[in-house]
1. All but one of (1) surrounded by fewer than 19 Cβ atoms within 10 Å (Cβ to Cβ); (2) on the phi < 0 side of the Ramachandran plot; (3) not assigned by TED's automatic domain parsing to the domain that holds residue 192 hold for residue 103; which doesn't?
2. So which residues in segment 103-124 are touching a strand residue (DSSP E or B) at 6+ places or on another chain (Cβ under 9 Å) and touching a residue at least 24 places away in the same chain (Cβ under 8 Å), if there are any at all?
3. Tell me, which strands (runs of 3 or more DSSP E) wholly within segment 146-207 include 3 or more residues that are in contact with a strand residue (DSSP E or B) (Cβ under 7 Å, 6 or more places away or on another chain) and in contact (Cβ under 8 Å) with a residue 40 or more places away in the chain?
């Protein structure tokens, strides 16, 4: 999962970025509100973790509004060293998942980010880690604004948004890339078993 990290404290930004990488996330680290919006438009992350003062509170609040105006589905988490009660009362906090006070446990942030992912996807990850191979259904959603794994259907298929059009195997190749990245395996370890021309497909992934 791609996460936008915005903080004008470069040391904290680097530490947070390294931690998220170790946990399997894909951080996009920036130090200004302008760059944060630019990178959000370029990479369309699912989540954003923002220092509210970047470098001022008004700049941080403006960034929250701009991110939500661009992508209403992005999940925003705010880090602050200020008065959390006052900040939670600001109207922009209606657009935010949670305000996290700086200095609190890093595990709190990781837990919140982990909750963004569908629990059924977490089970699929765990199954793959244990068994080293999984076979599963995928419901492909082509012509999407961004390519990403978004959750599970009620009958247990992985839902994947694909930017490519379903023409001459382009969507299937992009699906292979997405699944390889999600499972962190080489692309030649991802096999399409059934459903080449159907939105509903069966894939196998192996270590």
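The values are calculated or read from the model by the stated rules, or taken from the named source; none is laboratory data. Note that the structure is predicted; figures quoted are calculated from it, not measured. A quick note on method: Cβ atoms are made from the backbone with ideal geometry, for glycine too, and the neighbour counts reach across all protein chains shown.
1. Going through (1) surrounded by fewer than 19 Cβ atoms within 10 Å (Cβ to Cβ); (2) on the phi < 0 side of the Ramachandran plot; (3) not assigned by TED's automatic domain parsing to the domain that holds residue 192 one by one, residue 103 breaks only (2).
2. Hits for segment 103-124 are 109, 112, 113, 116, 117, 118, 120, 121, 124.
3. 200-206
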